[in-house]
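Okay, structure first, notes after.
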Amino acid sequence: MSSSFNLIIKNGNCFTDGQLKKADIGISNGIVKKIGKLEHSNQKVLDATNLTILPGIIDTQVHFREPGSTDVEDLESGSKAAVLGGVTSVFEMPNTNPPTSNQTEFNKKLNLAKNRMFSNYAFYFGATPQNMEDLKKVDQLEGCCGVKLFAGSSTGNLLVKDEKDIEKVISNSSKIVSIHSEDEDILNLRKKFIKKGDVSSHPLWRNEECAMSSTRRVVKIAERYKKKIHVLHVTTKEEVEFLSRYKG
């Protein structure tokens, strides 16, 4: 049986069957085929004695800032850092400059990634009030993991703040919509709480009701159209409790 493996990782500590225990891992063509005590003959063997072996992490929200801000990060450096940290697959966000919100820019980003990224990767397609026809066809885009909707302001200029436009995005998208869920009107009303250089003012400005108002709205719309959505970076207890009632 062991002869069918291309690679055996031996003597590592694996979390399996609910506990951490020493085991070998047999891999064939990049796929884990068996975990247990394995004999080896002429396969490649990695000795993992005293090391812990964990599955690669899939990070579904990364910002590698290419194109537009490669002085901060780019697809190559970001994916290299990801792999070094145990992240083997990334979904990269569209709020670059220019934004990844049409097929031309999406294809440009795919070309930028070729032979430069160290991890598995896919890219989000950015929603705007003007690109509804594109959103209907994103399921045909190779390398597209979903649609990103900014219901509240963030880095870049991808903002869909009006409820009628948010509804159009969710109802028209042919892939799951992942949402930066904050109420733009509340964000604008609460700008008076911003203290430049004081990070403690951030949750006062972008408070619980700012998040909950938007999250209640997008869940209502998703239910109306029988669509699944992904609410990103949930930071409030209220949202966790609310979303738990609609999960599934």
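Yes/no matrix, rows are residues, columns are (1) more than 27 Å from Leu20 (Cα to Cα); (2) among the aromatic types (Phe, Trp, Tyr):
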position: His40; (1), (2): no, no
position: Val62; (1), (2): yes, no
position: Leu75; (1), (2): yes, no
position: Val83; (1), (2): no, no
position: Thr88; (1), (2): no, no
position: Phe91; (1), (2): yes, yes
position: Pro99; (1), (2): yes, no
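On inspection, Thr235 fails the criterion of being at pLDDT 95 or above, assigned by TED's automatic domain parsing to the domain that holds Ala151 and closer than 17 Å to Ser154 by Cα.
Restricting region 68-98 to residues that are at negative phi and touching a Leu at 6+ places or on another chain (Cβ under 7 Å), the residue that is surrounded by the fewest Cβ atoms within 10 Å (Cβ to Cβ) is Asn95. I'd like the full set of residues that are within 20 Å of Leu149 (Cα to Cα) and without any contact (Cβ under 8 Å) to a residue 40 or more places away in the chain, limited to region 111-128. Within region 111-128, Ala122, Phe123, Gly126, Thr128 qualify. Going by the structure shown, is Val62 in contact with a strand residue (DSSP E or B) (Cβ under 9 Å, 6 or more places away or on another chain) and not assigned by TED's automatic domain parsing to the domain that holds Gly146? So Val62 fails the test.
Filtered by the rule that a residue be assigned to a loop (DSSP other than H, G, I, E, B), without any contact (Cβ under 8 Å) to a residue 40 or more places away in the chain and crowded, with 18+ Cβ neighbours inside 10 Å, region 99-110 gives a lone residue, Thr100. Scanning region 101-118 for residues that are in contact with a strand residue (DSSP E or B) (Cβ under 9 Å, 6 or more places away or on another chain) and over 19 Å from Ser77 (Cα atoms) yields a count of 5.
Of all residues in region 134-147, those satisfying the criterion of being over 13 Å from Asn95 (Cα atoms) and either outside the structural domain of Arg65 (by TED's automatic domain parsing) or crowded, with 16+ Cβ neighbours inside 10 Å (or both) are Asp134, Leu135, Val138, Leu141, Cys144, Cys145, Gly146.
The values are calculated or read from the model by the stated rules, or taken from the named source; none is laboratory data. On a predicted model such as this, the values are computed, not experimentally measured, just so you know. All Cβ positions, even for glycine, are placed from backbone atoms using ideal geometry, and neighbour counts span all protein chains on display.
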